Amino acid sequence: MAQKEIRRENFFRSVPIKNILEIESIALGLDAEKRKEVLAKYSELAAKLAEGIRDFNASERGLYEKLSSLFYNQMLFEPSDELLLSLSVISHRFSCFSSSLLFADVITKSGRPVDFVFTDDHIFIIGEEFALQTTRGITYSVSDIDSAKKKFPDARRTNGDKELLLSLVYRQCAGYLSSLEQLHLTDPSLGSKIDMFLTIADSYADATAGTYWSEHVLKGVKR
């Protein structure tokens, strides 16, 4: 029993969405009014999803499948490669990163624990029994995630670590700014902004996580 309780602690009971949106707003250069607008849009979306599962008491797998169906089939949001949650809220096009944050927030508010799993180019959510690839609506058993190395190479869990999650957010912001830089935009401050976000990310995460995300999420951008 004690071992199971320790394992259950390695989950998020709440997701720091306001912190995440604030970090992204700095990367995006949003003013106070635009920040309020993005937060309001996000809150409205999360509330609609929460209402859609409010009386749902079935299995964890059933919950994940219902969320996916509600989101993509009924609410008509689309999968994409959008890098940031804030941009997804505005465009209605969600990546594995932004949809995983959204789904995890809604799930924890329903009273169920959830964690994040990331690989070299992907992130998805995991519960006590099942995992969900949020952009595809595909569920896997936890045993698949833990043992199927060919299917999920280099899979790592955040283990409910808020600081590691925020580190991933800072690195995602750095990746977004790097994509702007690669478009040869003339903003001379982009390089220093990227460096700033990477430095802050490293202050949250350990050296291994920092190297991992620098190599894979930023896709070869070196500083």
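The values are calculated or read from the model by the stated rules, or taken from the named source; none is laboratory data. Owing to the predicted nature of the structure, the values given are computational and were not obtained by experimental measurement. Please note: Cβ atoms are built from the backbone with ideal geometry, for glycine as well, and neighbour counts cover all protein chains shown. To get the accessible areas, we keep the full protein, side chains included, count just its heavy atoms, and leave off ligands, DNA and RNA. Shrake-Rupley method; radii C 1.70, N 1.55, O 1.52, S 1.80 Å.
Taking every residue in the stretch 13-30 that is open to solvent by 40 Å² or more (accessible area, probe 1.4 Å) and pairing it with any residue that is not aliphatic (A, V, I, L, M) and not in a loop (DSSP other than H, G, I, E, B), at least 6 positions away or on another chain, the pairs with Cβ-Cβ distances below 6 Å are ARG13/THR108; SER14/THR108. Residues in the stretch 49-63 that are in contact with a helix residue (DSSP H, G or I) (Cβ under 7 Å, 6 or more places away or on another chain) and over 18 Å from THR139 (Cβ atoms): ALA50 only.
Counting the residues of the stretch 53-101 that are under 21 Å from LEU28 (Cα atoms), among the hydroxyl-bearing types (Ser, Thr, Tyr) and in a helix (DSSP H, G or I) gives 6.
Of the residues examined, GLU215 is not one that is assigned to a helix (DSSP H, G or I) and either open to solvent by less than 70 Å² (accessible area, probe 1.4 Å) or at pLDDT 90 or above (or both).
Residues in the stretch 73-91 that are open to solvent by 30 Å² or more (accessible area, probe 1.4 Å) and at pLDDT 90 or above: LEU87, ILE90, SER91. Within the stretch 109-129, being buried (at least 18 other Cβ atoms within 10 Å of the Cβ) and not in a loop (DSSP other than H, G, I, E, B) holds for VAL114, ASP115, PHE116, VAL117, PHE118, ILE123, PHE124, ILE125, ILE126. Within the stretch 187-199, residues that are within 11 Å of CYS173 (Cα to Cα) and in contact (Cβ under 8 Å) with a residue 24 or more places away in the chain have Cβ atoms under 9 Å from residues that are β-branched (Val, Ile, Thr) and open to solvent by 60 Å² or more (accessible area, probe 1.4 Å) in these pairs: LYS193/ILE26; PHE197/ILE26, counting only partners at least 6 apart in sequence or on another chain.
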